[in-house]
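Contents: one structure, followed by commentary.
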Amino acid sequence: MAQRIKGLNHITGSEFLKLPAENIIFIDVRPEYMRSKLFDVPNLLNYSYTEIEDRLNDIPPDSILVIADAVGIRSKEVAIKLLKAGFNKVYNLVGGIVEWERNHLPVISDKSKVLSGSCMCQLKVRNK
């Protein structure tokens, strides 16, 4: 199942999908501009890592929290903040949305947010 390192739990997408959905809140901490693809999971909250501290009162304290981002780095930082804030059952999603997609787990694509361009200076929203 999940591995535990220094009080922080890590979980893969496949492990997460085997858990019963009740009492689990999945928090995607990517900023809005990075959410062209969303995790297709129940009880999903989209709180950017920059706003998580302002949202602590919105999170039920007895919930199991799974924190996700693009690759698992910012989510780990947020998971540590949540542990320090008194949440006990906190998991960092290993590999974020990148690993999630690589493993063909369910996603929802918002085509209005997909970017295209030959270089970063030319990125724009792709036509539908």
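Observations on the model:
- Some residue of the stretch 66-77 being hydroxyl-bearing (Ser, Thr, Tyr), under 26 Å from ASP110 (Cα atoms), in contact with a helix residue (DSSP H, G or I) (Cβ under 9 Å, 6 or more places away or on another chain) and free of Cβ contacts under 8 Å to residues at least 40 places away in the same chain: no
- Residues of the stretch 73-105 satisfying the condition of being out of contact with any Ser or Thr (no Cβ under 8 Å at 6 or more places or on another chain), under 18 Å from PHE39 (Cβ atoms) and of a type outside the set (A, V, I, L, M): ARG74, SER75, LYS76, TYR91, TRP100, GLU101, ARG102, HIS104
- Reported count of residues in the stretch 6-36, each being of a type in the set (S, T, N, Q), farther than 12 Å from TRP100 by Cβ and surrounded by 15 or more Cβ atoms within 10 Å (Cβ to Cβ), is 2.
- Within the stretch 11-29, the set of residues being in contact with a Ser or Thr (Cβ under 7 Å, 6 or more places away or on another chain), part of a loop (DSSP other than H, G, I, E, B) and either among the hydrophobic types (A, V, I, L, M, F, W, C) or modelled with pLDDT of 95 or more (or both) comprises just one member, VAL29.
- Residues of the stretch 58-77 satisfying the condition of being among the polar types (S, T, N, Q) and surrounded by fewer than 19 Cβ atoms within 10 Å (Cβ to Cβ): SER63
The values are calculated or read from the model by the stated rules, or taken from the named source; none is laboratory data. Just so we're clear, the structure is a prediction, and the values are computed from it rather than from any experiment. As a convention, Cβ positions derive from the backbone with ideal geometry for all residues, glycine included, and neighbour counts pool all protein chains shown.
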